[in-house]
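The values are calculated or read from the model by the stated rules, or taken from the named source; none is laboratory data. What you are looking at is a predicted structure, and each value in this text was computed from that prediction instead of being measured. No Cβ is skipped: glycine too gets one built from the backbone with ideal geometry, and neighbour counts run over all protein chains shown. SASA here: full protein model, heavy atoms, side chains in, ligands and nucleic acids out. Shrake-Rupley method; radii C 1.70, N 1.55, O 1.52, S 1.80 Å.
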Amino acid sequence: MASEKVTQLIDQIKELTVLELSDLVSALEEEFGVSAAAPVAAAAPVAAAAAGGAAEAEQTEFDVVLASAGSSKINVIKVVKTITGLGLKEAKALVDEAPKAVKEKVSKDEAEDIKNQLEEAGATVEVK
């Protein structure tokens, strides 16, 4: 538990304006030869590491999902058959079950290529 003197000092500090508090911090730093910024500097590498971790977690695998076959269902079935290597019956079933993943865990370039092919055939496609 804080002593009465410390409690009184804290109460006085609470009454200071931001400018007065800034002056107090500067005066304390000068008087004792310390820096109030040291704890912030110590936290900076942690924040940088967290930001770096977020950058490393960038998505590298994508799923291409057929949202809708659109009005040209037959053309979409043909493209799905070509892309997946499925038989005609399986490709038709995949298209009929939309929204359904056509390809999973592919590179960004491959996902964009598949999306373009399906959209050209008249389908609505999402890359996730």
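Quick notes on this structure:
- Of all residues in region 77-91, those that are among the charged types (D, E, K, R) have Cβ atoms under 7 Å from Cβ atoms of residues that are open to solvent by 30 Å² or more (accessible area, probe 1.4 Å) and part of a helix (DSSP H, G or I), 6 or more apart or on another chain, in Lys81/Leu88.
- Any chance Ala98 is open to solvent by less than 60 Å² (accessible area, probe 1.4 Å), modelled with pLDDT under 85, out of contact with any Cys (no Cβ under 7 Å at 6 or more places or on another chain) and farther than 21 Å from Glu58 by Cα: yes
- Neighbours by Cβ (under 8 Å, 6+ apart or cross-chain): first from region 1-28, open to solvent by 70 Å² or more (accessible area, probe 1.4 Å); second at pLDDT 85 or above and aromatic (Phe, Trp, Tyr): none
- Tabulated pairs, region 103-127, first closer than 10 Å to Val64 by Cβ and touching a residue at least 24 places away in the same chain (Cβ under 8 Å), second open to solvent by less than 70 Å² (accessible area, probe 1.4 Å) and of a type in the set (D, E, K, R), C-beta under 6 angstrom, 6+ apart or interchain: Glu104/Asp63; Ile114/Lys103; Val125/Lys115; Val127/Lys115
- Complete set of residues in region 101-128 that are over 28 Å from the mean Cα position of the chain (by Cα) and surrounded by 14 or more Cβ atoms within 10 Å (Cβ to Cβ): Ala121, Gly122
- When residues of region 58-76 are limited to those that are closer than 15 Å to Ile114 by Cβ and assigned to a helix (DSSP H, G or I), the one farthest from the chain's Cα centre (by Cα): Asn75
- Region 68-95, residues that are closer than 30 Å to Glu58 by Cα and among the polar types (S, T, N, Q): Ser68, Thr82, Thr84
- Within the set Asp11, Asp63, the sole residue that is under 30 Å from Ala101 (Cα atoms), modelled with pLDDT of 85 or more and charged (D, E, K, R) turns out to be Asp63.
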